[in-house]
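Take a look at the structure set out below.
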Amino acid sequence: MWKKALGIGLVTVMAASTAACGNSNSNDKESAPATSTASATTSASPSAPSGEKKVIAYWTDDRHDQEYIKQVIDEFNANNTDNIEVELTVLSENYNQSVDIAFSSNQAPDLLRLKSANTGTFVKKGYLAPLDEYMTDELKAKFSSVILNDVNVFGGKLYSLPNSGLTLRLVYNKDLFQQAGIANPPKSLQEMVDDAKKITEMGKKDGVYGFALNFKNPKSAFERSVREILSLSGYQGLGFDFKTGQFDFGPYSQVIEYFKQMQDDGSIIPGAETLDIDPMRAQFAAGKIGMYLSFSTEPGVYKDQFPTTINWGGALAPTLDGQIKGTSEIVSAGTWLGISDKSKNKDAAWKFMEYMHQDSILTAYHEKGFGISVVPSIAAKAKQPDIAGMEGFLVGENDSLWPAAPSVTPEGANYGDAFFKYVLSGGNLQDITADLNARYNDALSKAVAKGDVTVTPDPAFDPGKL
Amino acid sequence: MTRWGKWRENSLFLLPSVALTLALGIYPLAWVLRYMFYEYAGYGQETFIGLDNFERLWRDDDFWASVRNTFVFAGGKLLLTIPVSLLLAVILNGKLRGKHVLRAVFFMPTVISTAVIAVVFYIIFNSYNGMINQLLLTNGAIAEPIAWLGPKFAMLTVIIVAAWGAIGNYMLLFLAGLQSIPHDLYESASIDGAGPARRFWSITVPMLGPVMQIIIMLAIIASLKGYESIMVMTEGGPIGKTEVMYLYLYKLLFPIAGSGTPVDQQFGYGSAVGFATALIVGVITAAYYYMSRKMNKVY
Amino acid sequence: MREHTLKGGRSATRLPVIAGKVIVWLFLAAVAVVTVFPILMTVTGSLMTNAELLGGGNILPKSWQFGNYADAWRQSNFARFTWNSVFLSVMATVGTLLVAAMAAYVVDRRSFPGKSLYIGLQASTMFISMGAIVLRPQFDLMVKLGLNTSLWGVILILMSAHASTFFILLSFLKAIPREIDESAMMDGASFTRSFYRIILPLLAPGLGVSGLFAFRHAWNEYILPLVFTMTNPKLQTLTVGLANLRYGSSAAMQTNLMMAGACLSIVPMLIVYVLANRTFMQVTAGSIKG
């Protein structure tokens, strides 16, 4: 019996190792037999003239648009005359760490998807190559009004060009609002608290609650709600104050008071403290939730994943006092592709980048609803995406890009956890705010001292003029 | 056999183990021992900061709360897992119809993806329409839904989920230990008129001693180290009630990305935390090993 | 529970024996129900639409979505991920068993200088667990060795964690009488030969059970392959690939597909279980007969 077992073991081992060798020999040249969500290799179909083929690796963490991007890349690979082949790799949630690992182990891609939140970090780590030498007058004219300091430009050098972004809105169930006798979505936080209470009083017997958020990860919940409430009220949405160049969580804490009120009223769906975003959407689609706040990806999600019969819509977030003193921040915007400083084929990478930024692709990207275009010439002529509920998320007069807040790593709990603890179990909000200010500003001054971050206070900063 | 020949054989047999342990066990340890005195974000400059990380650790209330949570979690998990799995192993080691099927059934939870099963348990336990609450509400056992994943009960729930995934594991280990007990011992005891209980206490327990000592030690270490099921169930929440120390460490190194600005990885402070957690686990394991040494002396 | 079984045993009368049996079966049934229910829900959940699954409240799907399995297979490049997982797990298991068994054999049968140091070293790698922090130096080392772009880096790291296997095998070795291999060596078998021909077969139950654990550990390992395949999705294992299934064509998780994938990925593991189970059960069956 043992001989047999050993025999089987040996065969397995040998089969495994030969196959493994075969595997490792054919990693790059051979295209993967099947396309997958995780990785897709698109290779040029025409037998290109012999000459040095330039393979450009493009990494992105966008998943929602990958079918379209794959198609666009296929066209590029088939039609470009420079013998360039672009390889798309779609990475997942650990994108930033994947990029770090790649750059630290000589596997860096040639092109990277940039988000306004990570561009500064990538520049600071020396991952990106400046684009200034490639910019034509035509491109400069097309993008000039939306190229921002500390978003596209760092230290006077340009690293990326804008395409689209995400707006954030209050997502509300119109049927429930109507049944509760509420005519319009709330304009102020006090109204939001009152509306949530009314809806809960009306619907609690059927398991209907006024408000919900994915508080399993408080920071993520607040980044899709408080951020927008603050920016529309005239304050930076992540607790930073551009006027002083310091963190000030004072305005933030005012918003938190209203959240706490809703919690104390029992207007938030029970179990929200461990609620993830998707179970929350499922409950919203089932008509159990009055309202929440989220990104302009919601219409697509309800179309594809959580088909619903309820009548819902998106509306501008409420503000602190009902007055709009700022603008609703368009997030993940302002940047799209960037060229790796380590790339050996920067010119080829730029050719692809230029291809991606042509009008027809930017327009299609907007019209298909993958993101809301922030490039004025595109936004002006593109048709609006045909997805139910999208109309509430379109860029209007109250939406704009904001300068980026500096990224810092404070000691101890982040503001999301600290504030949510107050919402759930109380405490002294002033002390919590003071503690956050101290820790975040401490981390900020350390980062400035190390040269990782530069901060210039702008006393004239006016959120109403963005 | 010459001494040289013996030495060569010994070295040959030990070499792979020693080489792997040094390169991938001891070298990382040395790395941590160095970086715990540094501030390092994984890129750019490394700054020597002396004992600052430990000073921070000392006043890091969240870390110490996670240590307390670890003890509660590990204790609860062990209390549920060990007796049930031992009992299952003893029963399924006997003559019982369908025991092979039952073993396979009890083994199944240990092979299913934690991320996936967490979703299922979420559907079972959630407050607004979870199955347990529905059951209790329709029975009239409770009037209001219980927040199984709320601050009060979340720890209990993650313990149950973790134990659910571990029982089959220890059942198998115990079974393997039971297999090694010579069967004639039981037969002669039966002939002498000993009932199942007598046989359990006078043969099974002592003969299982050495294996049991190791199994329980493995269980202690595993339950102190385990955080994956918590990570996917609650991410340590709500408000840190289920944050265990290895999860706390994990979050320092893999900060959860949101739509806001990214947070740096903290390798320096992470090393200090890693060192402290290792010390805690080491002390507990050593203490257990010392206290349980008589289990090994049955032979 | 235990008390009741005791009672059943102590008395020779028939009724308590039956009562004891009933209680044992009740206990088994209860544990089985608790064990199986979530798995059953995974299976039924894998056949629901995403909205129905995450909406909760249903045990059986309203309409059976068998297409989920096709979608999961296609979207996750399941064949490749399965292959990666099998390769990784087989290699890590064989390697771990071999390394640990060789070391345990020498440690149990020979005395040599530094033996207690070695045992202490192994014990300490088990005690000293610094969690995710060691991934960084391990990764850096693999970069230097050029092993970070294949699964071999992960395999070696998994093999390096062989301390628990070592101790399990050591305790099994202690139960194998020394006379057996000593007499073989008297008959002229070399140390190495007696290891392969005598000790390893006798160690089968220990190898079976610890091999099963090593295999399952490798099969379920998530963070290690996650970090090592971050830059190379083609090498992803099932655990990593399944987790990535959460994100599909929209911004929402495709939890139903994840469940379908999870159900599929259990199958290879159960096959290994049956094989391993047979090894250590056969040995016992043999000894009972003998």
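Whether any residue in segment C:125-135 is touching a residue at least 40 places away in the same chain (Cβ under 8 Å) and at the interface with another protein chain (Cβ under 7 Å from one of its Cβ atoms) is what I want to check. Yes, some residue in segment C:125-135 is touching a residue at least 40 places away in the same chain (Cβ under 8 Å) and at the interface with another protein chain (Cβ under 7 Å from one of its Cβ atoms). Of all residues in segment C:30-84, those being of a type in the set (S, T, N, Q), outside any helix (DSSP H, G or I) and either more than 28 Å from A:Arg63 (Cα to Cα) or under 21 Å from the mean Cα position of the chain (by Cα) (or both) number 1.
Out of all the residues in segment B:190-238, which are in a loop (DSSP other than H, G, I, E, B) and of a type outside the set (Val, Ile, Thr)?
Of everything in segment B:190-238, those that are in a loop (DSSP other than H, G, I, E, B) and of a type outside the set (Val, Ile, Thr) turn out to be B:Asp192, B:Gly193, B:Ala194, B:Gly195, B:Gly226, B:Tyr227, B:Glu235, B:Gly236, B:Gly237, B:Pro238.
Only one entry of B:Ile181, B:Ile160 meets the criterion of being closer than 30 Å to B:Met291 by Cα and either within 21 Å of the chain's Cα centre (by Cα) or of a type in the set (Phe, Trp, Tyr) (or both), and that entry is B:Ile160. The condition of being touching a residue at least 24 places away in the same chain (Cβ under 8 Å), surrounded by fewer than 20 Cβ atoms within 10 Å (Cβ to Cβ) and within 14 Å of chain C (Cβ to nearest Cβ) holds for only one of A:Tyr58, A:Tyr68, that being A:Tyr68. Examine segment B:68-82 for a residue that is away from chain A (no Cβ under 12 Å) and within 16 Å of B:Gly270 (Cβ to Cβ), and state whether such a residue exists. There is no residue in segment B:68-82 that is away from chain A (no Cβ under 12 Å) and within 16 Å of B:Gly270 (Cβ to Cβ).
Please return the ranges of helices (runs of 4 or more DSSP H) entirely within segment A:357-438 where 2 or more residues are of a type outside the set (Ser, Thr, Tyr) and modelled with pLDDT of 90 or more.
Values: elements: A:359-367, A:376-381, A:415-425.
Those helices (runs of 4 or more DSSP H) span A:359-367, A:415-425.
Which residues, counting only those in segment B:106-116, are modelled with pLDDT under 85 and either within 12 Å of chain A (Cβ to nearest Cβ) or in a helix (DSSP H, G or I) (or both)? Matches in segment B:106-116: B:Val111, B:Thr114, B:Ala115, B:Val116. Answer yes or no as to whether A:Asp278 is at pLDDT 95 or above, among the acidic types (Asp, Glu) and either part of a helix (DSSP H, G or I) or in the same structural domain as A:Ala196 (by TED's automatic domain parsing) (or both). The answer is no for A:Asp278.
All conditions but one from (1) free of Cβ contacts under 8 Å to residues at least 24 places away in the same chain; (2) surrounded by fewer than 23 Cβ atoms within 10 Å (Cβ to Cβ); (3) within 21 Å of the chain's Cα centre (by Cα) apply to B:His100; the one that does not is (3). Residues being closer than 27 Å to B:Leu224 by Cα, modelled with pLDDT of 90 or more, within 9 Å of another protein chain (Cβ to nearest Cβ) and surrounded by 19 or more Cβ atoms within 10 Å (Cβ to Cβ) are entirely absent from segment C:71-94.
Is there a residue in segment A:184-196 that is within 26 Å of A:Tyr365 (Cβ to Cβ) and either not assigned by TED's automatic domain parsing to the domain that holds A:Phe295 or not in a helix (DSSP H, G or I) (or both)? Among the residues of segment A:184-196, not one is within 26 Å of A:Tyr365 (Cβ to Cβ) and either not assigned by TED's automatic domain parsing to the domain that holds A:Phe295 or not in a helix (DSSP H, G or I) (or both), which makes the answer no. Could you tell me whether segment B:24-46 includes any residue that is at pLDDT 95 or above, crowded, with 20+ Cβ neighbours inside 10 Å and within 30 Å of C:Tyr273 (Cα to Cα)? Within segment B:24-46, none of the residues are at pLDDT 95 or above, crowded, with 20+ Cβ neighbours inside 10 Å and within 30 Å of C:Tyr273 (Cα to Cα). Checked across segment A:134-142, the condition of being at pLDDT 90 or above and within 21 Å of the chain's Cα centre (by Cα) holds for no residue.
Can you name the residue in segment B:152-189 that is within 10 Å of chain C (Cβ to nearest Cβ) and not in a helix (DSSP H, G or I) and is also nearest to C:Ala214 (Cα to Cα) among such residues? In this case the residue turns out to be B:Ser180.
To keep it simple, each residue is scored yes or no on (1) facing chain B (nearest Cβ under 8 Å); (2) closer than 30 Å to B:Ala197 by Cα; (3) modelled with pLDDT under 90.
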position: C:Gly9; (1), (2), (3): yes, yes, yes
position: C:Leu15; (1), (2), (3): no, yes, yes
position: C:Ala29; (1), (2), (3): no, yes, no
position: C:Val33; (1), (2), (3): no, yes, no
position: C:Leu47; (1), (2), (3): no, no, no
position: C:Glu52; (1), (2), (3): no, no, yes
position: C:Gly56; (1), (2), (3): yes, no, yes
position: C:Pro61; (1), (2), (3): no, no, yes
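Among the helices (runs of 4 or more DSSP H) confined to segment C:88-182, the ones with at least 2 residues that are among the hydrophobic types (A, V, I, L, M, F, W, C) and over 20 Å from the mean Cα position of the chain (by Cα) are located at C:115-127, C:135-145.
May I ask you to verify whether B:Pro262 is part of a helix (DSSP H, G or I), at pLDDT below 90 and either touching a Cys at 6+ places or on another chain (Cβ under 8 Å) or within 9 Å of another protein chain (Cβ to nearest Cβ) (or both)? When the stated conditions are applied, B:Pro262 does not pass them. A Cβ distance below 6 Å, combined with a sequence gap of six or more or placement on separate chains, defines the contacts here; from segment C:98-115, residues that are free of Cβ contacts under 8 Å to residues at least 12 places away in the same chain reach residues that are surrounded by fewer than 24 Cβ atoms within 10 Å (Cβ to Cβ) in the pairs C:Val106/B:Asn10; C:Val106/B:Phe13; C:Val106/B:Leu14; C:Arg110/B:Asn10; C:Phe112/B:Asn10. In the set B:Leu57, B:Leu14, B:Leu33, only one residue is within 7 Å of chain C (Cβ to nearest Cβ), of a type in the set (A, V, I, L, M) and part of a helix (DSSP H, G or I); that residue is B:Leu14. Can you name every residue in segment A:448-466 that is in contact with an Asp or Glu (Cβ under 9 Å, 6 or more places away or on another chain) and either under 30 Å from A:Lys216 (Cα atoms) or of a type in the set (A, V, I, L, M) (or both)? Selection gives A:Leu466 alone.
Give the residue, chosen from B:Gly177, B:Gly168, that is buried (at least 20 other Cβ atoms within 10 Å of the Cβ), of a type outside the set (Phe, Trp, Tyr) and modelled with pLDDT of 85 or more. Don't jump to the end; show me each part of the working.
Working: B:Gly177 fails: modelled with pLDDT of 85 or more.
Result of the check over B:Gly177, B:Gly168: B:Gly168.
So, of the residues in segment A:300-328 that are within 10 Å of chain C (Cβ to nearest Cβ) and in contact (Cβ under 8 Å) with a residue 40 or more places away in the chain, which turns out to be nearest to A:Gly464 (Cα to Cα)?
Our first condition is that a residue be within 10 Å of chain C (Cβ to nearest Cβ); within segment A:300-328, this holds for A:300-308.
Next, from what is left, pick out any that are in contact (Cβ under 8 Å) with a residue 40 or more places away in the chain: A:300, A:302-303.
Numbers: A:Gly300: 30, A:Tyr302: 33, A:Lys303: 34 Å.
Only one residue tops the list, namely A:Gly300.
Has segment A:422-431 got at least one residue that is within 12 Å of B:Ile239 (Cα to Cα), touching a Pro at 6+ places or on another chain (Cβ under 6 Å) and surrounded by 21 or more Cβ atoms within 10 Å (Cβ to Cβ)?
Restricting attention to segment A:422-431, the residues satisfying the condition of being within 12 Å of B:Ile239 (Cα to Cα) are A:422-426.
In the following step, the residues that additionally are touching a Pro at 6+ places or on another chain (Cβ under 6 Å) were identified as none.
No; the residues of segment A:422-431 include none that is within 12 Å of B:Ile239 (Cα to Cα), touching a Pro at 6+ places or on another chain (Cβ under 6 Å) and surrounded by 21 or more Cβ atoms within 10 Å (Cβ to Cβ).
Of the residues examined, B:Lys6 is not one that is assigned to a helix (DSSP H, G or I) and more than 10 Å from chain C (Cβ to nearest Cβ).
Pairing residues of segment C:174-197 that are touching a residue at least 40 places away in the same chain (Cβ under 8 Å) with residues that are surrounded by 14 or more Cβ atoms within 10 Å (Cβ to Cβ) and hydroxyl-bearing (Ser, Thr, Tyr), at Cβ distances under 8 Å and at least 6 apart in sequence or on separate chains, gives C:Asp181/C:Ser194; C:Phe195/C:Tyr105. Restricting attention to segment C:193-224 and to residues that are out of contact with any Asp or Glu (no Cβ under 7 Å at 6 or more places or on another chain) and among the β-branched types (Val, Ile, Thr), the residue that is farthest from the other protein chains (Cβ to nearest Cβ) turns out to be C:Ile223.
The values are calculated or read from the model by the stated rules, or taken from the named source; none is laboratory data. Not measured: the values here are computed from a predicted model. No Cβ is skipped: glycine too gets one built from the backbone with ideal geometry, and neighbour counts run over all protein chains shown.
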